[in-house]
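Every number here is computed from the coordinates shown, using simple stated rules; none is lab data. A quick note: this is a predicted structure, and the numbers were derived from the prediction, not measured. Note that we place each Cβ from the backbone using ideal geometry, even for glycine, and neighbour counts take in every protein chain shown.
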Amino acid sequence: MAIKKIVKFGEPSLREPSKEVHKVSQKIKNLVQDMLDTMYSQNGVGLAAPQIGENLRIFVIDVSTGNEPLNPMVFINPKIIKKSGACISHEGCLSFPEAYTDVKRYEYVMVKALDTNGRSFVMEAKDGTLLARCIQHEFDHLDGILFVDHSINRFEAEEVLKKFNLPPLQVEKLLDEPELTEAVNKLKEAQVEKDKNA
Ligand code: ZN
């Protein structure tokens, strides 16, 4: 239907919490279609409504690759009802052109949401797959949280933002996440050991 302009890091609306959708009306369905069109036009794997300037609790994901058929997934009023484990995720975001950095994520999530027909569904994503990490990334957008807030190394993240002429990291937004930090540090150490022995 329409490709929308993507809100970039530094614009205040990306930090605003989004509102619940009261009814999956035709207007909402049109917005979902615009979100998918916008995501595909940028070769993105996910997009949240606030990224096109609509502070509503909706995100879309498509993690299909290569020759696989498109597999759009729509999440309206999502709730993460279970999460566990930890993994390191190398992430970027359409609101942060070209900038990628390592962030902390859960390995497993269970999410409950409404689809475009207003029907409730539950989805599980395991093993730190792209889908599992993407759900967390997009869900965060609805609460004004950005992937860099989960940075494993804030200095590295700052360098990346500078390199791509993005505004500086908002240090006060960095998340503490003790339950993830410990597990992720162990994963990092294990990686260093493996590299030494390689
Ligand atoms: Zn994003």
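General observations
- With q set to 0.10, 0.15, 0.19 Å⁻¹, the log10 of I(q)/I(0) for the chain, from the Debye formula over equal scatterers at the Cα positions, is -0.42, -0.94, -1.45.
- Under the shape rule built on the C-alpha gyration tensor, where the axes satisfy a ≥ b ≥ c, the stretch 1-43 is oblate, since a/c reaches at least 1.5 while a/b does not exceed b/c.
- Couplings 3J(HN,Hα) for the stretch 6-21, derived from phi with the Karplus relation 6.51 cos²θ - 1.76 cosθ + 1.60 (θ = phi - 60°), are 8, 6, 9, 3, x, 7, x, 5, 5, 9, 7, x, 8, 8, 4, 8 Hz, where x marks Gly and Pro.
- Exceeding the 23 Å Cα-Cα cut-off - candidates K19/K104; K82/K126; K83/K194; K79/K188: K19/K104; K83/K194; K79/K188
- For A86, the residues whose amide H sits under 5 Å from its own are E107, ignoring neighbours fewer than 5 places away on the same chain, with H placed 1.01 Å from N.
- With Cα atoms defining each centre, the stretch 1-72 and the stretch 92-162 are spaced 14 Å apart in the structure.
- Exposure proxy order (Cβ contacts within 10 Å, fewest to most) of E179, E98: E98, E179
- Fewest-first ranking of H141, H22, using other Cβ atoms within 10 Å as the exposure measure: H22, H141
- Farthest toward positive dipole pole in the stretch 1-153 [+1 Lys/Arg, -1 Asp/Glu at C-beta], among I135, V122, S151: V122
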